[in-house]
Amino acid sequence: NHSVVSTDVPMSKRSDYVDLCRNIIRDMDLYGVCVLDNFLGYERGMSVLNEVMNLYSMGVFKDGELVRNKASNNLKTIRGDEIIWVDGRENSCKHIGQLISDVDSVVMGSNQMNDNGKLGNYTINGRTKAMVACYPGHGSHYVKHVDNPNKDGRCITAIYYLNKDWDIKENGGLLRIFPEGWSDQVADIEPLFDRILFFWSDRRNPHEVQPAFKTRYAITLWYFDGNEKEEAGKKFHVASDLNSMLHSPENISSIPSVD
Ligand SMILES: Cc1cc(NC(=O)CCC(=O)O)nc(C)c1Br
Ligand SMILES: [Fe+3]
């Protein structure tokens with residue numbers, strides 16, 4: 001966990017930018033998972049939370065898929081996460097946009113700062129839009145899965161959490177990662193306010209969200225490895241909706257077009 005004194009200077013100009021990136025490089029190389037706390041600082045974290053809550057109150061989130069409540073075995077279905085894709089340049093998403101460019105800065109910084117100039121030997125050259133997710137909190141959860149099981153190009157998952165005063169015992173909503181190769185170990189990550197989590201998106205990190213009993217917000221970005229993305233494009237197995245998520249921000253060379 002890393003406490004970052006946040007100011008409003010651009011991320012790459014912050015005094016602790018370099019050791020943030022070194023943190024990410026070290027943890028990703030050692031564990032394939034990295035957690036940083038106080039990423040934006042209280043003020044900016046709250047601005048992002050307010051934008052997300054405004055979006056949610058406007059009812060623009062897509063309904064989460066229904067999952068049957070296996071536990072009670074009755075047919076009561078529970079909504080999983082409800083989501084909306086945000087580019088960050090929309091009028092009502094300025095602070096979400098700023099979060100996105102700060103995450104871009106630390107990911108690209110780490111990608112370049114690593115001694116061999118790559119993070120995990122990837123060449124990161126693009127990302128999806130931001131997926132803003134809300135678990136409504138009536139036991140809603142997300143089953144154990146791998147984000148990128150079939151080489152669709154996504155190499156790093158970045159999740160920014162927005163949940164203030166979160167009590168994991170009362171509210172649940174724990175993210176449990178089952179890192180491959182650590183058979184008896186799991187990484188339990190509480191979805192705490194202003195916390196950012198990075199992990200390799202592939203089969204190394206199966207993960208689940210345990211049932212949440214309070215509204216649980218998170219913003220996810222997936223970063224692409226250029227080569228894997230290129231290969232995936234040729235195989236046409238890239239989920240069509242993945243293409244709809246594509247984003248080529250000015251500050252990252254655009255993602256190779258998938259024809
Ligand atoms: C829609 C969708 C959501 C997620 N979310 C999580 O894994 C939850 C992480 C957290 O909120 O802690 N993952 C995938 C592969 C898809 Br697709
Ligand atoms: Fe996931």
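State all residues of the stretch 116-149 that are of a type in the set (S, T, N, Q) and at pLDDT 95 or above; if no residue qualifies, say none. If the condition is that a residue be of a type in the set (S, T, N, Q) and at pLDDT 95 or above, then 128, 148 are the ones that fit. Considering the stretch 129-158, the residues that are open to solvent by less than 10 Å² (accessible area, probe 1.4 Å) and of a type in the set (S, T, N, Q) include one that is farthest from ligand 1 (Cβ to nearest atom), namely 140. Counting the residues of the stretch 163-201 that are open to solvent by less than 20 Å² (accessible area, probe 1.4 Å) and among the basic types (Lys, Arg) gives 0.
Any idea which residue in the stretch 143-168 is farthest from residue 218 (Cα to Cα), counting only those that are part of a loop (DSSP other than H, G, I, E, B) and more than 15 Å from ligand 2 (Cβ to nearest atom)? Residue satisfying both the conditions and the ranking: 151. When you check residue 184 against the structure, is it free of Cβ contacts under 8 Å to residues at least 12 places away in the same chain, away from ligand 2 (no atom under 16 Å from the Cβ) and within 28 Å of residue 55 (Cβ to Cβ), yes or no? No; evaluated as a whole, the condition is false for this residue. Residue 227 meets each of the listed conditions (1) of a type outside the set (Gly, Ala, Ser); (2) surrounded by fewer than 20 Cβ atoms within 10 Å (Cβ to Cβ); (3) in a strand (DSSP E or B) apart from (3). Among the conditions (1) under 28 Å from residue 187 (Cα atoms); (2) assigned to a loop (DSSP other than H, G, I, E, B); (3) at pLDDT below 95, the only one that residue 15 does not satisfy is (1).
Cβ separations smaller than 7 Å between residues 6+ apart or across chains give the following pairs from the stretch 7-31 residues that are surrounded by 12 or more Cβ atoms within 10 Å (Cβ to Cβ) to residues that are among the acidic types (Asp, Glu): 11/102. Just a yes or no: is a residue in the stretch 103-117 within 16 Å of ligand 1 (Cβ to nearest atom) and open to solvent by 10 Å² or more (accessible area, probe 1.4 Å)? So far as the stretch 103-117 goes, no, none of its residues is within 16 Å of ligand 1 (Cβ to nearest atom) and open to solvent by 10 Å² or more (accessible area, probe 1.4 Å).
The values are calculated or read from the model by the stated rules, or taken from the named source; none is laboratory data. What you see is a predicted model, and the numbers here were worked out from it, not measured in a lab. Virtual Cβ from ideal backbone geometry, glycine too; neighbours counted across all protein chains shown. Surface areas here come from the heavy atoms of the whole protein model, side chains and all, with no ligands, DNA or RNA. Shrake-Rupley method; radii C 1.70, N 1.55, O 1.52, S 1.80 Å.
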